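One structure is given below, encoded as structure tokens.
The values are calculated or read from the model by the stated rules, or taken from the named source; none is laboratory data. As the structure is a prediction and not an experimental result, all values here were calculated from the model. We place every Cβ from the backbone using ideal geometry, glycine too, and count neighbours over all the protein chains shown.
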């Protein structure tokens, strides 16, 4: 049975999901070799080269849900890689930053992971990468717009 025109997007959804799963597996394989979990790496990569950020901002800038983020920060704090500081203007707020040890680890693992990830993209030209990026941005905007239409 051939998909109707309204269903012609289904193979794209499958390909997108399979690509995301492959990306996650490929990236996670390397991150785990560095004795980190993917969420821990996400936090280190997000905080790296910054003075730190509020827990709220960290949640918005990572792929980690707010409930999971607390546990990830706990484990990174136990490893001596991040520190929590109460925020002066909001006593309920917490500022999260890398410790010197965390900065050192970031300086080692982030470039190594970029080099590892690069190996998956070597067969694509700069132009092909740009086209894929633009089309994914366009697709993301379509999802955002459709969600707005559903929630208004």
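Matching residues to (1) under 30 Å from residue 103 (Cα atoms); (2) touching a residue at least 12 places away in the same chain (Cβ under 8 Å):
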position: 13; (1), (2): no, no
position: 17; (1), (2): no, no
position: 20; (1), (2): yes, no
position: 30; (1), (2): yes, yes
position: 43; (1), (2): yes, yes
position: 46; (1), (2): yes, yes
position: 54; (1), (2): yes, yes
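For the stretch 33-58, filtering for residues that are over 26 Å from residue 95 (Cβ atoms) and either outside any helix (DSSP H, G or I) or under 15 Å from the mean Cα position of the chain (by Cα) (or both) leaves 0.
Have a look at 52, 67, 48 and point out the one that is surrounded by fewer than 12 Cβ atoms within 10 Å (Cβ to Cβ) and either touching a strand residue (DSSP E or B) at 6+ places or on another chain (Cβ under 8 Å) or at pLDDT below 95 (or both).
Values: 52 fails: surrounded by fewer than 12 Cβ atoms within 10 Å (Cβ to Cβ); 48 fails: surrounded by fewer than 12 Cβ atoms within 10 Å (Cβ to Cβ).
Answer to the selection: 67.
Conditions tested, residue by residue: (1) closer than 25 Å to residue 34 by Cβ; (2) at pLDDT below 95; (3) loosely packed, with under 13 Cβ neighbours inside 10 Å.
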{"site": "75", "(1), (2), (3)": "yes, no, no"}
{"site": "85", "(1), (2), (3)": "no, yes, yes"}
{"site": "91", "(1), (2), (3)": "no, yes, yes"}
{"site": "96", "(1), (2), (3)": "yes, no, no"}
{"site": "114", "(1), (2), (3)": "yes, no, yes"}
{"site": "117", "(1), (2), (3)": "yes, no, no"}
{"site": "122", "(1), (2), (3)": "yes, no, yes"}
{"site": "125", "(1), (2), (3)": "no, no, yes"}
{"site": "151", "(1), (2), (3)": "no, yes, yes"}
